[in-house]
1. Which count do you get for residues in region 14-38 that are open to solvent by less than 10 Å² (accessible area, probe 1.4 Å) and of a type outside the set (G, A, S)?
2. In region 78-99, which residues are part of a loop (DSSP other than H, G, I, E, B), open to solvent by 30 Å² or more (accessible area, probe 1.4 Å) and in contact (Cβ under 8 Å) with a residue 12 or more places away in the chain?
3. Looking at region 91-98, is at least one residue more than 19 Å from E17 (Cα to Cα) and among the acidic types (D, E)?
4. When region 109-138 is examined, which residues are found to be near the ligand (Cβ under 9 Å from one of its atoms) and aromatic (F, W, Y)?
5. With respect to L120, determine if the residue is among the aliphatic types (A, V, I, L, M), at pLDDT 95 or above and closer than 18 Å to A40 by Cβ.
6. Quick test for you: out of L18, L56, pick the one residue that is within 15 Å of the ligand (Cβ to nearest atom), touching an Asp or Glu at 6+ places or on another chain (Cβ under 9 Å) and over 25 Å from A160 (Cα atoms).
7. Let me confirm something: among Y141, Y163, Y105, which residue is free of Cβ contacts under 8 Å to residues at least 40 places away in the same chain and among the aromatic types (F, W, Y)?
8. Any residue in region 45-70 that is within 17 Å of M117 (Cα to Cα) and of a type in the set (D, E) sitting within a Cβ distance under 9 Å of a residue that is away from the ligand (no atom under 11 Å from the Cβ) and in a loop (DSSP other than H, G, I, E, B)? List the pairs, counting only those 6 or more apart or interchain.
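The values are calculated or read from the model by the stated rules, or taken from the named source; none is laboratory data. These numbers were taken from a predicted model, which means no experiment stands behind them. Methodologically, a virtual Cβ is constructed for each residue, glycine included, from the backbone with ideal geometry; neighbour enumeration extends over all protein chains shown. These accessible areas exclude ligands, DNA and RNA; they are computed on the full protein's heavy atoms, side chains included. Shrake-Rupley method; radii C 1.70, N 1.55, O 1.52, S 1.80 Å.
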Amino acid sequence: MLEKEVAILLNEQINKELYSAYLYLDFSNFYKEEGLDGYANWYYIQAQEERDHAMLFLHYMQNNGEKVTLEAIEKPNIELKDLVDPLKAGLEHEQYVTSLINNLYTAAAKANDYRTMQFLDWFVKEQGEEEENADTNLKRYERFGADLKALYDLDKELEARVYSAPSLVL
Ligand code: FEO
């Protein structure tokens, strides 16, 4: 069994990761409607990764004898108008998720819960990559997005992204 505060935060993180998946599906749909199938693909795969993150938290709780309580997933609440909007919102969202992982880590450290800290190490590293990817996508769009040929090439590049299961196995 885990310390109560740690268990509550882990359970909440399942919902946060599922919301992330929902948010990125919304971004994917937006780009699909705009005819940018590469950006749509990139966020569709991102949504799959977020679902995986949720399952990792769920299985970690179950492996530690904790009851999982599923809560309602909020509706994506970001208004998308310009092509750059998902890219900006995506970076901000990943920075927010990093803060959640950090809070969880702090709670685990306070509880001397070394097992949870070790589990969270993967997410600490993952958040570094998530922020870097989001930042790169935003910067490249801001640098080249106004040029239609360059935008076409960027979109083609993002279309090549393929899903791969997370490297963390529980
Ligand atoms: Fe599950 Fe994008 O962090």
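1. The number of residues fulfilling the criteria is 6.
2. Keep residues of region 78-99 that are part of a loop (DSSP other than H, G, I, E, B), which gives 78-84.
Remaining after also requiring open to solvent by 30 Å² or more (accessible area, probe 1.4 Å): 78-83.
Across region 78-99, the qualifying residues are I78, L80, L83.
3. Narrowing region 91-98 to residues more than 19 Å from E17 (Cα to Cα): none.
Within region 91-98, not a single residue is more than 19 Å from E17 (Cα to Cα) and among the acidic types (D, E).
4. F123
5. On the way: among the aliphatic types (A, V, I, L, M): yes; at pLDDT 95 or above: yes; closer than 18 Å to A40 by Cβ: no.
Criteria not met by L120.
6. On the way: L18 fails: over 25 Å from A160 (Cα atoms).
From the options L18, L56, the qualifying one is L56.
7. Working: Y141 fails: free of Cβ contacts under 8 Å to residues at least 40 places away in the same chain; Y163 fails: free of Cβ contacts under 8 Å to residues at least 40 places away in the same chain.
Just one listed residue meets the conditions, Y105.
8. Qualifying pairs under 9 Å: E66/M1; E66/L2.
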